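Everything on this sheet refers to the single structure shown next.
The values are calculated or read from the model by the stated rules, or taken from the named source; none is laboratory data. Because the structure is predicted, anything quoted here is derived from the model rather than measured. Reconstructed Cβ throughout: ideal geometry from the backbone, glycine too, with neighbour counts over all protein chains shown. Heavy atoms of the whole protein, side chains included, go into the accessibility calculation; ligands, DNA and RNA do not. Shrake-Rupley method; radii C 1.70, N 1.55, O 1.52, S 1.80 Å.
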Amino acid sequence: MSNVRLESVGDVARITLTRRSKANALDSTTTAALREAIVASAEANPRVVVVAGEGVFCGGADIREMEHLDAVDAERFIRGLHGAFLAIREHPAPVVAEVRGAALGAGLELLVSCDLSVAADDAIFGMPEPHVGLPSVIEAALLPHVVGLVRARELLFLGDPIDAAEAARIGLVGEVVPPVDLETAVNTKVERLLRLSPDALSLQKRLIGRWLNLPLDQAVEAGVSAFRAAYGTDGPKREMRRFWRRRE
C-alpha cells in the first residue's frame, strides 16, 4: 500500500502513514491506501488499532493536488477522504491515534475519527482551510460534538493552530505526554483496552456512533438494544465472575 504501512502484532494492528517527506499529506493515492489498510485490518479482526505517522501525524490534505482540481474532481477527492475516515469510525475495534508533530486540516479530521488519542506535548492542531480559500468539511462536522460549538467556530473560522495543552483542555485529545514517552503512553492505553471485553467495546463504539445521529429518546432506545445484545453472549456473566474473583 503506497505511503501506508499496515502491521499486526498479536491482537493489535498498527497503521502508519509513511509519506514523511510531505508531512504525510493525504493525496488521493495515500487516502486510498489508508482506507485499504483500515478495511484490511478490520478483516483481520484485531482487538485494537493504532493510527500513527512517521515524523508527524498528518499535515493535512495535499494542497499541491487540490490546487489543480475542478469541481467534479474536488467532489471525488473529498469523498475519498471521507471514505477513509468513515472506515475508521466504522471499524469494529477501538482505534487509538498516536499524534506527534502535527494534526492539521484533514489530519485533525483523521484524529477526531479515531476513538482515543495520545499526543506529544509539542504537537500542533488546527483547521487551516480558511487560509487556502476552503471551508472545512466532512469529518469537521464532528468538531461541535467534540469541543462544543463555540470552540469549533473558533477553529473553523479563524484557522489558527493551537498547541497540545490547549487541545487537551478543550477535549480535542485525550492525553498529552512528552515526545519521548508517546509510544509508551500509547502502548499503555492499548494494553488497558486489551484487558477489556472486545464484544463490549465493539458494542460501545457502534452505540457512540449512533448517538451522534439520534435525538435523545432514540439514543436511549439504541442503548437498550445494545444492552440486550450484550446479553446475547456469555460475555457479561463471564466478565462479572472475573470481577468478583479479582475483588476476592
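Worth a mention:
- Qualifying residue in the stretch 198-208 (condition: open to solvent by 50 Å² or more (accessible area, probe 1.4 Å) and more than 28 Å from ASN45 (Cα to Cα)): no
Every residue, every condition in (1) in contact with a strand residue (DSSP E or B) (Cβ under 9 Å, 6 or more places away or on another chain); (2) more than 25 Å from ALA87 (Cα to Cα), yes or no:
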site	(1), (2)
GLY171	no, no
GLY174	yes, no
VAL190	yes, no
ASP199	no, no
GLY209	no, no
ASP217	no, yes
LYS237	no, yes
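- Helices (runs of 4 or more DSSP H) wholly inside the stretch 77-188 containing at least 2 residues that are more than 18 Å from LYS205 (Cα to Cα) and open to solvent by 50 Å² or more (accessible area, probe 1.4 Å): 149-158, 164-169
- Qualifying residue in the stretch 54-62 (condition: at pLDDT 95 or above, part of a helix (DSSP H, G or I), more than 15 Å from the chain's Cα centre (by Cα) and aliphatic (A, V, I, L, M)): no
- GLU221 being open to solvent by 60 Å² or more (accessible area, probe 1.4 Å), part of a helix (DSSP H, G or I) and more than 22 Å from PRO92 (Cα to Cα): no
- Screening VAL51 against (1) open to solvent by 10 Å² or more (accessible area, probe 1.4 Å); (2) among the β-branched types (Val, Ile, Thr); (3) touching a strand residue (DSSP E or B) at 6+ places or on another chain (Cβ under 6 Å) leaves a single unmet condition, (1).
- Within the stretch 26-67, considering residues that are without any contact (Cβ under 8 Å) to a residue 40 or more places away in the chain and in contact with an Asp or Glu (Cβ under 7 Å, 6 or more places away or on another chain), the one farthest from ALA164 (Cα to Cα): GLU65
- If you go through the stretch 224-248 and pick out every residue that is surrounded by 12 or more Cβ atoms within 10 Å (Cβ to Cβ) and either among the hydrophobic types (A, V, I, L, M, F, W, C) or under 20 Å from LEU142 (Cβ atoms) (or both), you end up with 4.
- If you go through the stretch 1-33 and keep only what is out of contact with any helix residue (DSSP H, G or I) (no Cβ under 7 Å at 6 or more places or on another chain), in a helix (DSSP H, G or I) and polar (S, T, N, Q), you end up with SER21, THR29, THR30.
- Qualifying residue in the stretch 13-21 (condition: charged (D, E, K, R), open to solvent by less than 30 Å² (accessible area, probe 1.4 Å) and modelled with pLDDT of 95 or more): no
- The listed residues are GLU36, GLU65, and the only one of them that is in a helix (DSSP H, G or I) and open to solvent by 60 Å² or more (accessible area, probe 1.4 Å) turns out to be GLU36.
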